[in-house]
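So the structure is just underneath, and the comments pick up after that.
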Amino acid sequence: MIALIVPCYNEEKRLHIENFIQHHDLGIDFFFVDDGSKDKTAEIIEQASQKHTFIHLVRMDKNRGKAEAVRHGMLEVYKKLSWDDRSWIGFWDADLATPLSEIPKMLQYSNLYENVDSIWCSRVYRLGADVKRSPLRHYLGRGFATLVGELLHVKSYDTQCGAKLFRPSIVPVAFKETFIGKWVFDVEILLRLKNHNVVEYPVTIWRDVPGSKVKISREIFRVFWEILKIRKKYIK
């Protein structure tokens, strides 16, 4: 069983729900968390859920940001469903910059390791991969990874790719407590899972989809401040 949390905020124009429906044969249930959208996002999901039993709508009472939408969705679904040792629960960006077709490859890749607790997609430029990302975002991403590595001792190549799977047993460890970061909460998850086996899967396909809610020029200083607060809490 695979359950995917999909955080959504004003995604009416970017949410192509038919692409999710087409991948139901992968054995996935989709839980769309509407984070207080002001457009027709919730209406689109609600209509799809009436036709397809594997589409679910989870409503937030107001806009709380991606971190809280993901945390709320993960905890609610974790408590609601029954799990076995073959199950996975994760979160995925609504724009499908990482195609859902990567999931079987992620699971196959995890078989190269023993006792994997979580699999994180990573956007690595390499031969054989089709990763298309704007140069600005790529270089800022490398700078961010370097900064996080130095200040927080996180060894991940790419913490911010919005496609991740977790064994249900570690969900309380990773998501029970509210995050400090509004957008860079992924780093906090890694710090919380320092005693668990997390592996990075280098995606074969990734597309930079226009319309991101993160405006780099406006957020860069706030992100740096969040990193400092995360360091104060987690690095002794």
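Taking 2.2 N^0.38 Å as the expected size of a compact globular protein, what ratio does the Cα radius of gyration of segment 104-236 give against it, to two decimals? Don't jump to the answer; show the numbers that get you there.
Details: Rg = 15.0 Å, N = 133, 2.2 N^0.38 = 14.1 Å.
For segment 104-236, the normalised Cα radius of gyration is 1.07.
Roughly speaking, what is the centre-to-centre gap between segment 174-212 and segment 85-159 when only Cα atoms are used, to the nearest Å? Comparing the Cα centres of segment 174-212 and segment 85-159, I get a distance of 8 Å.
Using a probe of 1.4 Å, the accessible surface attributed to ASP130 totals some 50 Å² when neighbouring protein chains are kept in position. Derived value for segment 92-143: Kirkwood hydrodynamic radius 13.0 Å. Basis is the mean of 1/r over every pair of different alpha-carbon atoms.
Could you list the chymotrypsin sites (Phe, Trp or Tyr not before Pro) in segment 109-215 that lie in coil according to DSSP, counting only those with at most 13 other Cβ atoms within 10 Å of their Cβ?
Values: sites: TYR109, TYR113, TRP120, TYR125, TYR139, PHE144, TYR157, PHE166, PHE175, PHE179, TRP183, PHE185, TRP206; in loops: TYR113, TYR125, TYR157, PHE179, TRP183.
The qualifying sites are TYR113, TYR125.
Rounded to the nearest 10 square angstrom, LEU75 shows an accessible area of 30 square angstrom against a 1.4 Å probe. In order along segment 175-182, the Karplus-derived 3J(HN,Hα) couplings, from 6.51 cos²θ - 1.76 cosθ + 1.60 at θ = phi - 60°, round to 10, 4, 8, 4, 7, 6, x, 7 Hz, and Gly and Pro are given as x.
THR178 contributes an accessible area of around 80 Å² to the protein surface, as traced by a 1.4 Å probe with all chains present.
Summary value for the chain: 23 percent relative contact order, contacts being C-alpha pairs under 8 angstrom separated by 6+ residues. Here the 3J(HN,Hα) profile of segment 99-114, calculated from phi with Karplus coefficients 6.51, -1.76 and 1.60 at θ = phi - 60°, is x, 5, 5, 6, 4, x, 5, 4, 5, 5, 4, 5, 5, 6, 10, 9 Hz, Gly and Pro shown as x. Taken about its Cα centre, the chain carries a charge dipole of roughly 980 debye when the Cβ of each Lys and Arg holds +1 and the Cβ of each Asp and Glu holds -1. Ranking TYR9, TYR201 by solvent-accessible area of protein heavy atoms (1.4 Å probe, all protein chains present), from largest to smallest, gives TYR9, TYR201.
Residues whose amide H falls under 5 Å from that of GLU200, counting only those 5 or more places apart or on a different chain, are TRP120, with hydrogens built in the peptide plane. Computed on the Cα trace of the chain, the radius of gyration divided by the Kirkwood hydrodynamic radius gives Rg/Rh = 0.93.
The values are calculated or read from the model by the stated rules, or taken from the named source; none is laboratory data. Because the structure is a prediction, the values reported are computed rather than measured. Every residue, glycine as well, gets a Cβ built from its backbone with ideal geometry; the counts of neighbours run over all protein chains shown. For the accessible areas, the whole protein counts, side chains as well, though only heavy atoms, and no ligand, DNA or RNA atoms are used. Shrake-Rupley method; radii C 1.70, N 1.55, O 1.52, S 1.80 Å.
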